[in-house]
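Written below as structure tokens is the structure these notes are about.
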Amino acid sequence: MEWNECAAVVVSLLSPYLRRAERPVDGAPRPGARSVARNQEWLRCQTIMDLVKDRPLVAAPLAVLEERPDDAEAQALLETRLGEVFLRDTALMGRVWTELLREEGRCVLDMAIVLMTPLIAEGYVLDVGGGGEGIIGRLAGDRVVAIDASRRELEEAPDGPLKIVMNVCDLAFLSGSFETATCFFSLMYLRAEERWDAIQQIARVLKPGGKLLIWDTEIPVWEPGTDELIVVPLLVQTPEEEILTGYGVSWEGREQSAEAVVALGHAAGLEVTLRQTQGSVFHLEMVKPANGDDRSGV
Ligand SMILES: C[S@@+](CC[C@H](N)C(=O)[O-])C[C@H]1O[C@@H](n2cnc3c(N)ncnc32)[C@H](O)[C@@H]1O
């Protein structure tokens, strides 16, 4: 399965339950949250009930239903209150969505909360795989040059960045063009051999002293008989909004670890200056030394 098909699969997995979970404006309900609450199948899902049963809003009608399972009033109240709980708690929605996907037999990593702060470096930011949600573009707007192999993914991303259809393994920019490069959950879409080309190319187009910022997930070794797709659910928090999303990719051949990415960076002449992990998700900051040899090799 190619990456563009993977994106479509994730969207189709998501759509019955939720769409973008943006903060409600003026208390307006989010359509995705409503559809979660109104989904009767969902109400029967024990795992999900376990996640919400202690919420005060939900506990009261649940207690009534334990005594009188057919009480229509308590059922209606429970549904309304579930909706309210989900409207206020995007992280809970994310956990529910994760459980629903797992119940469908999907291989879903634990949801991570990714806190994004504004990018303060000067100059242009090269955002690799910058289509889709376009998270980096949301943070740095017209300072971003978003490249993506998929025209459709770029078209779907919010306006702001300069968007160019380009393969990261063959960047058309001159060496030393960018102060900053970002890979926000784009390395996971590449095969192992492509990742080396990608990191070499990114190292080449960074200025001396420039930084590569990576957010990505570890992907365990695929074994025959397991799901073909692996999904990482994310709650991305920017200063402006919360975005509940998930990135899924055809699993076989996409195994990766933070360690392996660090090794690629070192081999391309980059120095790792920051390394953070949260479950399977990792964030790396790598710097191209100001006076170092150009070891990008391309
Ligand atoms: C999970 S999406 C990245 C998410 C995105 N950064 C965001 O903010 O939502 C991965 C992206 O990598 C792109 N991609 C896959 N292979 C690529 C390649 N060789 N060169 C450039 N982009 C690629 C895909 O088209 C996809 O849009």
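A short reminder: the numbers here are calculations on the coordinates, not readings from a lab. Everything quoted here is computed from the prediction, not taken from an experiment. All Cβ positions, glycine included, derive from the backbone under ideal geometry; neighbour counts span all protein chains shown.
Listing for the model above:
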quantity: Tally, over the range 146-170, of residues that are surrounded by 20 or more Cβ atoms within 10 Å (Cβ to Cβ) and closer than 16 Å to Phe185 by Cβ; calculated: 8
quantity: First in the range 164-180 and touching a residue at least 40 places away in the same chain (Cβ under 8 Å), second anywhere and assigned to a loop (DSSP other than H, G, I, E, B) and of a type in the set (A, V, I, L, M, F, W, C), Cβ under 8 Å, 6 or more apart; calculated: Val168/Ala149; Val168/Leu190; Glu179/Ala121; Thr180/Leu119; Thr180/Ala121
quantity: Top-ranked residue of the range 175-191 - restricted to ones that are more than 17 Å from the chain's Cα centre (by Cα) and farther than 14 Å from Pro161 by Cβ, ranked as nearest to the ligand (Cβ to nearest atom); calculated: Arg191
quantity: Lone unmet requirement of (1) crowded, with 20+ Cβ neighbours inside 10 Å; (2) touching a helix residue (DSSP H, G or I) at 6+ places or on another chain (Cβ under 7 Å) for Arg204; calculated: (2)
quantity: Residue count for the range 103-155, restricted to those that are near the ligand (Cβ under 7 Å from one of its atoms) and in a strand (DSSP E or B); calculated: 4
quantity: Among residues of the range 263-289, those that are farther than 16 Å from Ala181 by Cβ and either without any contact (Cβ under 8 Å) to a residue 40 or more places away in the chain or not hydroxyl-bearing (Ser, Thr, Tyr) (or both), counted; calculated: 10
quantity: Failed condition for Tyr247, given (1) away from the ligand (no atom under 12 Å from the Cβ); (2) under 21 Å from Leu119 (Cβ atoms); (3) of a type in the set (Phe, Trp, Tyr); calculated: (1)
quantity: Test: residue in the range 190-206 that is in contact with a Gly (Cβ under 6 Å, 6 or more places away or on another chain) and closer than 19 Å to Gly248 by Cβ; calculated: yes
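Okay, residues lined up against (1) within 20 Å of the chain's Cα centre (by Cα); (2) surrounded by fewer than 16 Cβ atoms within 10 Å (Cβ to Cβ); (3) closer than 27 Å to Trp222 by Cβ:
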{"site": "Glu255", "(1), (2), (3)": "yes, no, yes"}
{"site": "Val261", "(1), (2), (3)": "yes, no, yes"}
{"site": "Gly269", "(1), (2), (3)": "no, no, no"}
{"site": "Gln276", "(1), (2), (3)": "yes, yes, yes"}
